[in-house]
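The values are calculated or read from the model by the stated rules, or taken from the named source; none is laboratory data. Just so we're clear, the structure is a prediction, and the values are computed from it rather than from any experiment. Please note: Cβ atoms are built from the backbone with ideal geometry, for glycine as well, and neighbour counts cover all protein chains shown. Accessible surface areas use protein heavy atoms only, side chains included; no ligands, DNA or RNA. Shrake-Rupley method; radii C 1.70, N 1.55, O 1.52, S 1.80 Å.
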Amino acid sequence: MKFDWNYALDILPQLLDGLLTALIATVVGYAVALVLGLVFALARRSHQKWVSVPVGFVVEFIRGTPLLIQLFFLFFVLPQLGLALSPLAAGIVGLGLHYATYTSEVYRAGIEGVPPGQWDAAIALHLPRRRVWTSVILPQAVPRSIPALTNYSIALFKDVPQLVAITVAEPFTVGRGIIAETFRPFEPITMAGLLYLAVALVLSYIGRIVERRYKGMATA
Amino acid sequence: MSSAQLGLLLYGAWKTILLTLGGMALALVIAFPVGLARVSHNKFVRAIGFTYVELFRGAAVLVLAFWFVYALPSLGWQLDPTFAGILALGLNMGAYSGEVVRGAIQAVPPGQIEAATALNFKPSQGMRRVVLPQAVRAMIPSFGNNVIEQLKATAVVAVVSIPELTFNGQLIWSGNGRAAAVFGGLLIGYGLMALIFMTGVKLLERRVAWT
Amino acid sequence: MSFIDFTDVSKRFGDNVVLDDMSFNVANGERVTLIGPSGSGKTTILRMLMTLTKPDSGTIAIDDEYLWHERRGDDLVPASEAHTRKVRSRVTMVFQQFNLFPNMKVLRNVTEAPIHVLGKQKDEADERARELLEMVGLQDKADFYPSQLSGGQQQRVAIARALAVEPDILLLDEVTSALDPEIAAEVLDVLRDVAKTSDVTMLLVTHAMRFARDVSNRVLMFNEGKIIEDAAPEQMFNEPQHERTKAFLKSVLEEV
């Protein structure tokens, strides 16, 4: 068979709408991951065992199990507990939560990379604990985390196709809808895949630039 | 839980293990040529390695699986579903593992290569006899992580109706409607399988550690 | 009681006994130099006073207030963080590796604590910081980042930063060990100035013996976790009593 360009052009606008939804899920989910990951990282460093131990367990568990099932859980189980999320909202929460367990490791490494002398100096100057974090430790830890954090934004985007399983209107969901009417799967599936691939390649290119820039800064 | 349900779950778990190990085996077969290509002195060979890594790291497992299962039959190729799953998992993980191979080779101190040259090894001999044996040990922990990632990744092929653990879990759920029990149980099941794989990887690591 | 009291303080790291039932005290305004071979516990003393290292046993008190303990009736119990924080608020420290905050410009390094600890207004803190920077000869570096300064300049900023918290006790931990000799000299000149113009109590660990003789009025010789000699500088450097002190002084003086 051969690729039907007219058919492909016909369905392209719908697929691009789907891609937009995928990008929204990426951006918002990533924002959730960035914030929640920092919360996880700080909670795991807490001196209160009743905070650090359970948070550590939950983080490890979420990181160790498949995102897809976590999405099912959010979308199908939470409504039974009285919390019904829209597909997109469930997808964003799922992606954000899952990737927060990765970003928390990045933050942790960044925090541990701050030399111990910085903590010593903060104590010698009697800075309050909160101030030590906000003005000494995090301003040093976060910049050095940026390259690794950028890479997780790419990884997160590559997991967005899984939202098809909870009916978020991303390209594959859109494609399936088209196939249900036309019974011609080749073009929609190929194009949905190519759209994802193209964005992933662009993001990966941007990621390399960010990495290079920050490496330059770190050695300057 | 009925015995039919239990059978479905056990069969699914078996398929999941098969997908994990099959995908990882394919990944390793791909990883070495790709990783070596990435450090080649030949620009053209390097470009091939780079292209493979970019392309198949960019193409998510689910994207590949969708294409193999739903688009490829239009071209007259009907793959066995499990095989299609292993192909999608392995091609993708092969790109990541290729980067592991590259990183490990590049982490071998340059002095080792210089020493090999000083002993009049040909470059290919130096790679095979000096660099690779050291690099392979350095790869083991990363490959171990990749196995766990591969296990997690297998779940996504449920979306294209490959009957592994997650898919069979969904079947049970559509029968009994008990979402919390089924998906909670699946999460715990994957957690346990991850734990088992992790223990296996640790044991392997210890066996190959420097003595 | 004296101003600073160490009573039966012990500390070990693994099998290594760093301090062995050590007792000594320091009067208000005294300048005390701690000398001795490396690993003899001098730096540990300073770090304990700064609450960076915890003693295994014994007590440390500043002006009659325990640093690591609290009185509860007749008993001593481990101190709450608030208590330790309050007692140590009179102490500050200058480090061998400077430990300036690399993410802040020089001026903010100096004003950060006055604003957020002493509760000063920003204008007031800025003005005081500029005075201190002038004192250490770096008034024109206020808007530089630490990484743009030489090691000697960084250490002088660190001294200004320490003085800005208005300490009663200043701890100087090998502040010139990471510096070339000529550059060390400019740092030591600044510290001589500080010693002359203020009445802050100083404890210093240093290998710069000339400097120790100039600024201190008392020298403690450490060896294997104990103080083996305690004398005025003239006595210590001219007529050391203990064999170990003689050998140690001979080795460091030959080095220079």
Next on the checklist: For the condition within 30 Å of A:Pro13 (Cα to Cα) and within 14 Å of chain B (Cβ to nearest Cβ), what is the one hit in A:Glu187, A:Glu181?
Outcome noted: A:Glu187
Next on the checklist: Restricting to region B:160-199, name every residue that is more than 11 Å from chain A (Cβ to nearest Cβ) and either under 19 Å from B:Lys15 (Cα atoms) or surrounded by 14 or more Cβ atoms within 10 Å (Cβ to Cβ) (or both).
Outcome noted: B:Ser161, B:Ile162, B:Pro163, B:Asn168, B:Leu171, B:Ile172, B:Ile196
Checklist entry - Hey, among the residues in region A:57-69 that are within 14 Å of A:Val164 (Cα to Cα) and at the interface with another protein chain (Cβ under 7 Å from one of its Cβ atoms), which one's farthest from the chain's Cα centre (by Cα)? => result A:Ile69
Checklist entry - Could you say whether any residue in region B:130-140 is part of a helix (DSSP H, G or I), open to solvent by 20 Å² or more (accessible area, probe 1.4 Å) and within 30 Å of A:Val160 (Cα to Cα)? => result yes
Next on the checklist: Taking the conditions exactly as written (closer than 21 Å to B:Val159 by Cβ, away from chain B (no Cβ under 14 Å), out of contact with any Lys or Arg (no Cβ under 6 Å at 6 or more places or on another chain) and loosely packed, with under 15 Cβ neighbours inside 10 Å), does A:Ser86 satisfy them or not?
Outcome noted: yes
Next on the checklist: Tell me which strands (runs of 3 or more DSSP E) are completely within region C:192-242 and hold 3 or more residues being in contact (Cβ under 8 Å) with a residue 12 or more places away in the chain and within 24 Å of C:Gly137 (Cα to Cα), or say none if there are none.
Outcome noted: C:201-205
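Okay, residues lined up against (1) under 30 Å from A:Ile178 (Cβ atoms); (2) of a type in the set (A, V, I, L, M); (3) more than 25 Å from the chain's Cα centre (by Cα); (4) surrounded by 14 or more Cβ atoms within 10 Å (Cβ to Cβ):
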| position | (1), (2), (3), (4) |
| --- | --- |
| A:Tyr7 | yes, no, yes, yes |
| A:Gln14 | yes, no, no, yes |
| A:Ala25 | yes, yes, no, yes |
| A:Tyr30 | yes, no, no, yes |
| A:Arg45 | no, no, no, yes |
Next on the checklist: Quick test of your reading of the structure: B:Ser174 fulfils all but one of (1) assigned to a helix (DSSP H, G or I); (2) in contact with a Leu (Cβ under 9 Å, 6 or more places away or on another chain). Name the failing condition by number.
Outcome noted: (2)
Next on the checklist: If I filter region B:33-46 for residues that are within 14 Å of another protein chain (Cβ to nearest Cβ) and open to solvent by 50 Å² or more (accessible area, probe 1.4 Å), do I get at least one hit?
Outcome noted: no
Next on the checklist: Pairs please, first residue from region B:165-176 and in contact (Cβ under 8 Å) with a residue 24 or more places away in the chain, second anywhere and open to solvent by less than 60 Å² (accessible area, probe 1.4 Å) and of a type in the set (Phe, Trp, Tyr), Cβ atoms under 9 Å, 6+ apart in sequence or on different chains.
Outcome noted: B:Leu165/B:Tyr190; B:Thr166/A:Phe72; B:Thr166/B:Tyr190; B:Gly169/A:Phe72; B:Gly169/B:Phe183
Checklist entry - Just one of A:Ala141, A:Ala109, A:Ala124 is without any contact (Cβ under 8 Å) to a residue 40 or more places away in the chain, farther than 24 Å from A:Val59 by Cα and touching a helix residue (DSSP H, G or I) at 6+ places or on another chain (Cβ under 9 Å); which is it? => result A:Ala124
Checklist entry - Does C:Asn99 satisfy the criteria of being under 19 Å from the mean Cα position of the chain (by Cα), on the phi > 0 side of the Ramachandran plot and either more than 13 Å from every other protein chain (Cβ to nearest Cβ) or surrounded by 17 or more Cβ atoms within 10 Å (Cβ to Cβ) (or both)? => result yes
Next on the checklist: Between a residue in region A:156-183 that is under 14 Å from A:Ala25 (Cα atoms) and any residue that is of a type in the set (Gly, Ala, Ser) and not in a helix (DSSP H, G or I), which pairs come within a Cβ distance under 8 Å, given they are 6 or more apart or on different chains?
Outcome noted: A:Lys158/B:Ala60; A:Asp159/B:Ala60; A:Pro161/B:Ala60
